[in-house]
Amino acid sequence: MTTLAVLLRKPLRPLRGSGRTDLGAWPVVAGLVLIAIVFGSLNDRFLSAENLTNLALQMAATGTISLGIIMVVLLGEIDLSAGSVSGLCAVIMTILYVHHGWNPAVAIGAALAGAALIGLLHGWMFTRLGMPSFVVTLAGLIGWQGLMLYLLGSGGTINLPFDGFLAKLSDTWLPAWAAWLIAVLIVAVWAAGAVLTRRLRRAAELPVTSGLGVALRAGGLAVALAAVVSVLSADRGVPLLLIIFAALVVVLDLVLQHTVFGRHMYAVGGNAEAARRAGINVSRIRLIAFASASTLAACGGILAASRLAAVNQSSGSSDTLLMAIAAAVIGGTSLFGGRGRPYAALLGILVIQSITNGMLLLNVDSSVRYMVTAAVLAVAVALDSLARRGRPR
């Protein structure tokens, strides 16, 4: 019974003893609605099927990198090397595939394995040598970018074959029937999981969500998925890149919410010393988190290379890292650790890309775009700080 209670116990939304309420993702959703209204009224192309399809393609790569950022931020740490690792692993994959003729699946596997080793190295330096994660990953940002430039050589660019598997990955669109089938399956699986969770929590004598609450959430999910499929199918269809990103979000959320490892992640992020005294291997959790962050960064780099059909000296650089971190924070992941879900990456990157896309359609100068994004990020962190101030220790 005790083990079952630990597995099922989740952070309560009400902040007991503070008189405040954690609104969860609702402020982000309200922000998305406001963004849609503002940019939709200023430019009729913003809500068009073609533009929303392009938006879905743009958010997949950076959103995947943001998933890795969340793994480290949940521990109250930071990974500044995610952008460089994504570019380096994309270059490794491309060299193995294009120059050495490796099978694309094997090349991808080798790149992901290399990313995992990089993450383990970062975690080892942090846990064993006691180096701050900021310094460790800052050194990684510089060093891995240097290695990427060295591997690219004087040419600076390696193109992927347009008729190859990797290039077609970003140019694959699901037919309407397949998209609707996936949407129905998602709602059915979610509803079945919610019902099973209610029964297990009731058996463990834990608080349960009402049947009406489960029904309303299932209905909301069904409406949201139906809207996405309808809009994207009106253009080229649902892109495979979006399916891959969404699948990573769901799988990672299931791992964090419904496994012992996930509960240990939140425990270490909330209070590492208390977690250690409770018998949790804090060093192992941190090693896995850093390895997962680098692996997910590599996945994002591979998706970005597929969409560009090439890798070059700017792969993983520019504002990729900053946008990934901003997406995690704007989506609701606390920089102080212990709070957040993978869905934050989905919501956060949707907010950032929507703002960027909308201002590009309005021909707004890049300087203004950066300032607006900075303002949104500052507001998100301020809300997180205020919410944390009202939480009991």
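Yes or no: the range 95-106 includes at least one residue that is closer than 29 Å to V351 by Cβ and surrounded by 24 or more Cβ atoms within 10 Å (Cβ to Cβ).
Let us first name the residues in the range 95-106 that are closer than 29 Å to V351 by Cβ, namely none.
No, the range 95-106 contains no residue that is closer than 29 Å to V351 by Cβ and surrounded by 24 or more Cβ atoms within 10 Å (Cβ to Cβ).
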Only unsatisfied item for V223, checking (1) in a helix (DSSP H, G or I); (2) surrounded by 12 or more Cβ atoms within 10 Å (Cβ to Cβ), is (2)
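Somewhere in the range 56-72, is a residue surrounded by 16 or more Cβ atoms within 10 Å (Cβ to Cβ), modelled with pLDDT of 70 or more and touching a strand residue (DSSP E or B) at 6+ places or on another chain (Cβ under 7 Å)?
At the first step, the residues of the range 56-72 found to be surrounded by 16 or more Cβ atoms within 10 Å (Cβ to Cβ) are 56-72.
Remaining after also requiring modelled with pLDDT of 70 or more: 56-72.
Okay, now just the ones that are also touching a strand residue (DSSP E or B) at 6+ places or on another chain (Cβ under 7 Å), so 56-57.
Yes, the conditions are met somewhere in the range 56-72.
Here's a check for you: in the range 356-367, which residue that is part of a helix (DSSP H, G or I) and modelled with pLDDT of 85 or more is farthest from I70 (Cα to Cα)?
Quick first cut of the range 356-367, residues part of a helix (DSSP H, G or I) only: 356-361, 366-367.
Pick out the ones that are also modelled with pLDDT of 85 or more and you get 356-361.
Working: T356: 22, N357: 24, G358: 26, M359: 27, L360: 28, L361: 30 Å.
That would be L361.
If a residue counts only when it is exposed (fewer than 13 other Cβ atoms within 10 Å of the Cβ), which helices (runs of 4 or more DSSP H) contained entirely in the range 133-218 have at least 3 such residues?
Working: elements: 133-152, 165-169, 176-203.
Correct list: 133-152, 176-203.
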Has the range 339-355 got any residue that is without any contact (Cβ under 8 Å) to a residue 40 or more places away in the chain, in a helix (DSSP H, G or I), β-branched (V, I, T) and surrounded by fewer than 24 Cβ atoms within 10 Å (Cβ to Cβ)? no
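Checking the structure you have, find out if any residue of the range 245-255 is within 18 Å of the chain's Cα centre (by Cα), more than 30 Å from N51 (Cα to Cα) and assigned to a helix (DSSP H, G or I). Give the steps one after another, and end with the answer.
To start, the set of residues in the range 245-255 that are within 18 Å of the chain's Cα centre (by Cα) comprises 245-255.
Filter once more, keeping what is more than 30 Å from N51 (Cα to Cα): 254-255.
Then drop every residue that is not assigned to a helix (DSSP H, G or I), which leaves 254-255.
The answer is yes, given that some residue of the range 245-255 is within 18 Å of the chain's Cα centre (by Cα), more than 30 Å from N51 (Cα to Cα) and assigned to a helix (DSSP H, G or I).
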State the number of residues belonging to the range 254-270 that are in contact (Cβ under 8 Å) with a residue 60 or more places away in the chain, of a type outside the set (V, I, T) and surrounded by fewer than 18 Cβ atoms within 10 Å (Cβ to Cβ). 2
Which numbered condition trips up T209, out of (1) in contact with a helix residue (DSSP H, G or I) (Cβ under 8 Å, 6 or more places away or on another chain); (2) of a type outside the set (A, V, I, L, M, F, W, C); (3) closer than 26 Å to A304 by Cα? (3)
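The values are calculated or read from the model by the stated rules, or taken from the named source; none is laboratory data. Since the model is a prediction, treat every value here as computed from it, not as a measurement. Glycine gets a Cβ as well: all are built from the backbone with ideal geometry, and neighbour counts include every protein chain shown.
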